[in-house]
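J.: Next up is a structure, given as structure tokens.
The values are calculated or read from the model by the stated rules, or taken from the named source; none is laboratory data. Worth saying up front: this structure is predicted, and the values here are computed from it rather than measured. Positions of Cβ are generated from backbone atoms using ideal geometry, with glycine treated the same way; all protein chains shown enter the neighbour counts. Keep in mind that these areas ignore ligands, DNA and RNA; they rest on the heavy atoms of the full protein, side chains included. Shrake-Rupley method; radii C 1.70, N 1.55, O 1.52, S 1.80 Å.
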Amino acid sequence: MASILGNANYYEDQDYFDFGYSCIILNEVRKKSFSQNYIEKYTSRVGTKISTYENVIKKYQDVEKVKEKLFFLKQQKQELLEQESLTKSQQNKLEKLPAQIDKQEAIIKKKLELMDKSFYKLESKRSETFTKPKPTNRELLLNPAYLIVIDNFKYEKQIISHLQNHTSFYPFYLGNSEFSGNFNYLEINTITDYIEQVDSFTKQIDNIDFNFEQKYSNVTMPLKTVSSRQYQSYEKVIFSDKAIVLKERSKGVTFECVLGGKKREFGCEFI
């Protein structure tokens, strides 16, 4: 919802999470597991080799610059020595040149040592072989579809406008950004403000009239995001592959809506 609204700092809004939500699974949950090789380790090592080579080039260029300066100082010294008479300024300059030449020669020696180390490092990198990265196990949901029901949302009017116009401020995706999602707005007609069976999930474990022909799963659902996909406050709920029958009437919403051209009725509980 924050992605659709363009609210990047929603977790700093104290009232943002004052809503209830429910999730109804519309399509059968089917998964595909596979292993995938990434090239990150390959590219990272290539990058290391390139940066090492660039470092050698830079050190070579540094040495050449100092050599040019040294050649210029020696040339000045030779020209002054060849003159028959020198002014006081030229004499002072000639006296300082040996120290300046020695300093540049010391700098060159130090830079050559650094360049030799870089060459050695480059040679060791050249001999490196790429190790094949270990495959990463992935699990994908096949054609997932959910009906999300929101109760008492602070920005209800704004988000309904986005949903009706099918606009989203940030890209809408499921799980990872490469898996783009789709959404649309559904008009619902509330039938009752209570439920006798639930099509979403329920936290009332003791109120479930268990049917041994159904499959039940317990899931921990997050209630609040703090930042960077970190969560706080959780609720344990029970899902099933069919509607969960309750022993006693419970708080929730029973409603009807049109899906796939057919009118359907659902019961949902909010957390």
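J.: Computed over the Cα atoms of the chain, what is the convex hull's projected area averaged over all directions, in nm²?
T.: 27.0
J.: About the Cα centre of the chain, what is the dipole size in debye to 20, counting +1 per Lys and Arg Cβ and -1 per Asp and Glu Cβ, all else neutral?
T.: Roughly 1800 debye for the chain.
J.: In percent, how large is the relative contact order of the chain, given Cα pairs closer than 8 Å and 6 or more residues apart?
T.: 28
J.: Provide the convex hull volume over Cα atoms per residue for the range 136-220, in Å³.
T.: About 191 Å³ per residue, rounded to a whole number.
J.: Same structure, new question: May I ask you to evaluate 6.51 cos²θ - 1.76 cosθ + 1.60, the Karplus curve with θ = phi - 60°, for each residue of the range 147-152 and list the ³J(HN,Hα) values in order in whole Hz, giving x for glycine and proline?
T.: 10, 9, 10, 10, 10, 6
J.: Using a 1.4 angstrom probe on the protein heavy atoms only, line up Glu79, Glu12 by accessible area, largest first.
T.: Glu12, Glu79
J.: Moving to a separate point now. Computed FRET efficiency, Cβ-Cβ of Asp62 and Phe179, R0 45 Å: what is it to the nearest 0.05?
T.: That gives a FRET efficiency of 0.40.
J.: Provide Met1, Met115 ordered by accessible surface of protein heavy atoms (probe 1.4 Å), highest first.
T.: Met1, Met115
J.: Separate question: To two decimal places, what compactness ratio does the range 55-95 give when its Cα radius of gyration is scaled by 2.2 N^0.38 Å?
T.: Numbers: Rg = 14.8 Å, N = 41, 2.2 N^0.38 = 9.0 Å.
After normalising by residue count via 2.2 N^0.38 Å, the value is 1.64.
J.: Rounded to the nearest 500, what is the chain's calculated 222 nm mean residue ellipticity when only DSSP H runs of at least 4 contribute -39500 (n - 2.57) each, over all residues?
T.: -12500 deg cm²/dmol
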